[in-house]
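Engineer: Below are the structure tokens for one structure; questions will follow.
The values are calculated or read from the model by the stated rules, or taken from the named source; none is laboratory data. Not measured: the values here are computed from a predicted model. All Cβ positions, even for glycine, are placed from backbone atoms using ideal geometry, and neighbour counts span all protein chains on display. The accessibility values were calculated without ligands, DNA or RNA, using every heavy atom of the protein model including side chains. Shrake-Rupley method; radii C 1.70, N 1.55, O 1.52, S 1.80 Å.
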Amino acid sequence: DSLLAQAETADPQWIQPVIARGWLAWSIARLLPDSAGARQLALARDYAHDAVRRAPRDAEALELQGTVYWELAKAARGSGAAPYVVSAERDLRSAVGIQPTLARSWGTLSAVLRFKGDAAEANVAARRALEEDAFLQDAPSILEALYTSEQLLGDYASARESCDNGHRRYPADWRFVQCRLTLMS
């Protein structure tokens, strides 16, 4: 973070260090418990806001901001999550509209849409995430999301395919054992 802060000071017009600091704070927030994690998430939000303020049409800045909003929505729970969900969807849709190759944005958008109950569109976004980066860090979660949305849509053949794909790629992941058992029933 200190090196990124130096880079930001050296060239205030360059937003990449701000975005990188936001992702770093977001990553740390996910590792820390309760109030310490909340402080890091607030810091990530501040970096995201700063990056979007500086470059409102920068896809990576919007991706960061949408992802941070989604994290805030998950932390808020209940009716307090609604404004964050709306903001996360807006920013993630904008990010992929500007730069359609952002696999992480597609994956997070899929989670947001699944949360909203839109299984069909969540499925499309998850597929797009895998098309853009089949080895995405969140690929197991995205494959699980695909399986779940296909099952909810009643497309059991595609659900089985997603489950089998996940099992082949991540044989030790319990989610792909569970989906096989679920499909057997």
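Engineer: Please work out which one of (1) outside any loop (DSSP other than H, G, I, E, B); (2) open to solvent by 60 Å² or more (accessible area, probe 1.4 Å); (3) not hydroxyl-bearing (Ser, Thr, Tyr) is the condition PHE135 fails and give its number.
Structural biologist: Here PHE135 meets the rest and fails (1).
Engineer: Can you tell me which condition ALA44 does not meet? The list is (1) open to solvent by 30 Å² or more (accessible area, probe 1.4 Å); (2) in contact (Cβ under 8 Å) with a residue 24 or more places away in the chain, and all the others hold.
Structural biologist: It fails just one condition, (1).
Engineer: Out of the residues in region 145-185 meeting the condition of being among the small types (Gly, Ala, Ser) and assigned to a helix (DSSP H, G or I), tell me which one is most open to solvent (accessible area, probe 1.4 Å).
Structural biologist: The residue in question is ALA157.
Engineer: With the structure loaded, tell me whether ALA126 is touching a Lys or Arg at 6+ places or on another chain (Cβ under 9 Å), at pLDDT 90 or above, small (Gly, Ala, Ser) and closer than 21 Å to PHE176 by Cβ or whether it fails that test.
Structural biologist: In short, yes.
Engineer: Does ARG57 satisfy being open to solvent by 70 Å² or more (accessible area, probe 1.4 Å) and either at pLDDT 90 or above or in contact with a Lys or Arg (Cβ under 6 Å, 6 or more places away or on another chain) (or both)?
Structural biologist: yes
Engineer: So, one more: Given the criteria open to solvent by 10 Å² or more (accessible area, probe 1.4 Å), assigned to a helix (DSSP H, G or I) and farther than 17 Å from GLU71 by Cβ, does ARG128 qualify?
Structural biologist: When the stated conditions are applied, ARG128 passes them.
Engineer: What is the number of the single condition among (1) touching a helix residue (DSSP H, G or I) at 6+ places or on another chain (Cβ under 6 Å); (2) modelled with pLDDT of 95 or more; (3) among the hydrophobic types (A, V, I, L, M, F, W, C) that LEU4 does not meet?
Structural biologist: (2)
Engineer: Okay, next question. Would you say GLU71 is in a helix (DSSP H, G or I), buried (at least 22 other Cβ atoms within 10 Å of the Cβ) and of a type in the set (Asp, Glu)?
Structural biologist: The answer is no for GLU71.
Engineer: Hey, among the residues in region 2-39 that are open to solvent by 70 Å² or more (accessible area, probe 1.4 Å) and basic (Lys, Arg), which one's farthest from the chain's Cα centre (by Cα)?
Structural biologist: That would be ARG39.
Engineer: Looking at region 44-66, can you tell me whether even one residue there is out of contact with any helix residue (DSSP H, G or I) (no Cβ under 9 Å at 6 or more places or on another chain), part of a helix (DSSP H, G or I) and not basic (Lys, Arg)?
Structural biologist: no
Engineer: If you check every pair at least six apart or on different chains, which have Cβ atoms under 6 Å apart with a residue in region 123-141 that is within 13 Å of ASN165 (Cβ to Cβ) first and a residue that is surrounded by fewer than 20 Cβ atoms within 10 Å (Cβ to Cβ) second?
Structural biologist: That search, which allows pairs on different chains as well, returns PRO140/TYR170; PRO140/ASP173.
Engineer: I'd like to check something: does region 74-96 contain any residue that is modelled with pLDDT under 95, within 12 Å of the chain's Cα centre (by Cα), of a type in the set (D, E, K, R) and farther than 23 Å from ALA55 by Cβ?
Structural biologist: Yes, because at least one residue in region 74-96 is modelled with pLDDT under 95, within 12 Å of the chain's Cα centre (by Cα), of a type in the set (D, E, K, R) and farther than 23 Å from ALA55 by Cβ.
Engineer: Shifting gears a bit: Does region 87-106 contain any residue that is basic (Lys, Arg), crowded, with 21+ Cβ neighbours inside 10 Å, assigned to a helix (DSSP H, G or I) and out of contact with any helix residue (DSSP H, G or I) (no Cβ under 6 Å at 6 or more places or on another chain)?
Structural biologist: Yes, region 87-106 has at least one match.
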